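The values are calculated or read from the model by the stated rules, or taken from the named source; none is laboratory data. Computed from a predicted structure; not experimentally measured. Neighbour counts run over all protein chains shown; Cβ positions are idealised from the backbone, glycine included. Note: areas computed on protein heavy atoms with side chains; ligands, DNA, RNA excluded. Shrake-Rupley method; radii C 1.70, N 1.55, O 1.52, S 1.80 Å.
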Amino acid sequence: MPTFTVHEPPPRKTESVTSPERFVFVRDGFHFWAFVLAPLWLLLHRLWLALACYLVLSFAIGVALFWIGVSSPVQLLASTLIALLIGFEAPTMWRWTLARRKWKTLGFVVGENAEMAERRFYAEWTKNTGMRADAKPATPPEPKYAAPVWRGAPSPSDVIGLFPEPGKQR
């Protein structure tokens, strides 16, 4: 299942606390449309610095490959690899831009799609803040992580690896 990070924008001048409707959920993983239409995807998400870097890098690599006389299939391969890199790193660039704009990362949530992730997040968030979903909280909740399970030292009956019984030959 996809993992989403939840980001809270800084409050507007007229707000004392950020409205929950403005939270942004960024899906981790490969973004197909960032791979296929990188400049448009970057424009859509207002990633201006990333767009400028993408355009300069693509232009510089294209000119360099043309200047040294590389064949067209190799130039196409280079363009495809750059697009593949953008597709894989799109959520990282988005999160980096949000952090640069002073957005706070509230945590992460797992969901089948964005709607399910939002439902899970807001259900837990309203439970932790003790407020209704349409009310504005005083402060956002800190993310809670489960404590690791401590079992102690391994016993002689524990099986590790591919062996069916401890001490027996395969």
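Calculate I(q)/I(0) for region 25-126 by the Debye formula, one identical point scatterer on each C-alpha and no solvent, and give its log10 at q = 0.12, 0.13, 0.20 Å⁻¹ to two decimals. Here the Debye-derived log intensity ratios amount to -0.51, -0.57, -1.04.
The residues of region 1-64 expose on average 59 square angstrom of accessible surface per residue, using a 1.4 Å probe on protein heavy atoms. Of the solvent-accessible surface of region 62-123, computed with a 1.4 Å probe and all protein chains present, 68% belongs to carbon and sulfur.
Each residue of region 6-15 was assigned a 3J(HN,Hα) from its phi angle through the Karplus expression (A = 6.51, B = -1.76, C = 1.60, θ = phi - 60°), giving 10, 10, 10, x, x, x, 6, 4, 8, 10 Hz with x at Gly and Pro. Each peptide in 81-92, 45-56 was scored by the mean count of other Cβ atoms within 10 Å over its residues; highest first, the order is 81-92, 45-56.
With Cα atoms as the point set, the radius of gyration and Dmax of region 1-59 evaluate to 14.9, 44 Å.
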